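Here's the structure we're looking at; comments come further down.
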Amino acid sequence: MLCLELRIVKSFNVFIVFLTMVLISGSACYKNSDRTAFEIAKQNQLMDALTNFEIIGEGTDFLTIKIELPAPLSADSRFFVMALDESGFPLRKVSGYGYDPKLEGKNHYWFFLFLYAPQEWPEHLNRSKSLKFVYVENKVITAEKVLEYQKEWGGKNGPKVFDLPAPPDNISGFLLLKDYTFLARDEFRQPDGYYIEGTISGKNGRWSIFQALSDIKGQEPEPQFVLPSDWGWLELATGRTHSMREAISPQPPYVKGWWDGKGYFHPEPVKIFSKQE
């Protein structure tokens with residue numbers, strides 16, 4: 001009889017432990033499900049805000065966009081924007097970044113897009129068909145949205161539209177040496193290959209000068225074959241290029257190097273020359 005009672009008590013205790021584990025597991029599942037639903041609702045609200053974006057500033061070389069956020073962005077959240085061509089690729093010479101104007105009592109969020117191309121650049125490469133917005137949380141892309149918005153960037157024959165607010169006169173970021181592309185520091189794309197940290201400067205919604213604030217950084221794979229189409233210099237301030245065959249001395253600061261068959265520049269040596277040599 002005593003053994004029977006012990007078996008009953010033991011079985012009851014096992015049942016209680018099992019029931020507790022089930023309840024805990026169910027509670028955890030409920031919390032995870034609830035958190036997922038919350039995140040989905042939050043993302044849907046953000047996407048709805050993007051659908052109702054407003055152009056509050058525009059010029060030949062810039063675009064300023066405003067959206068109304070459902071709530072302020074958290075410290076681990078970031079919002080990005082890019083101008084895409086008709087094939088869905090980012091325009092090389094147009095950079096963009098998000099900006100919080102910190103207006104009291106409002107959850108406004110701005111996006112600045114701007115063109116930096118002080119030298120001649122084919123017009124067909126400066127036509128955007130759409131804007132891509134990317135929302136990142138804890139360094140993970142959690143939402144994306146592409147909205148159609150066509151624009152001719154830097155058009156010389158079009159009207160010189162200028163309507164504030166515009167991006168700042170001085171913008172910090174990275175200059176890619178391979179094609180003299182400037183990326184804002186808070187741009188979604190990251191520099192690849194050799195690049196230089198610095199600032200572009202301008203006024204009235206146009207930027208024409210780059211100031212180098214670092215040595216050459218980054219790296220690129222060693223080419224198996226060096227087949228240069230030309231050797232010469234790249235002036236950092238304006239992006240002007242000169243072939244060694246020209247009887248012209250480059251304006252410092254500049255970088256020596258060569259161009260491959262695709263038109264990309266490769267520094268050699270990997271050094272900035274701050275004075276004429």
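What follows is calculated from the coordinates using simple rules that are stated; it is not laboratory data. Model, not experiment: these values are computed from the prediction. All Cβ positions, even for glycine, are placed from backbone atoms using ideal geometry, and neighbour counts span all protein chains on display.
Rg to Rh for the stretch 223-267: what is it, with Cα atoms only and Rh by Kirkwood?
0.98
Let's test the formula: R0 of 25 Å, r as the Cβ-Cβ distance of Ile55 and Thr238. What FRET efficiency results, to the nearest 0.05?
It comes out at approximately 0.25.
Calculated FRET efficiency, Met47 and Tyr149, Cβ-Cβ r, R0 22 Å, to nearest 0.05?
0.90
Quick one: order Leu176, Leu63, Leu147, Leu73 by neighbouring beta-carbon count within 10 Å, fewest to most.
Leu147, Leu73, Leu176, Leu63
Cα extents of the stretch 44-136 along the three principal axes, largest first, in whole Å?
44, 24, 23
Of Gly198, Phe182, Trp153, whose Cα points farthest to the positive end of the dipole of the stretch 127-277 (charges on the beta-carbon: +1 Lys, Arg; -1 Asp, Glu; origin at the Cα centre)?
Trp153
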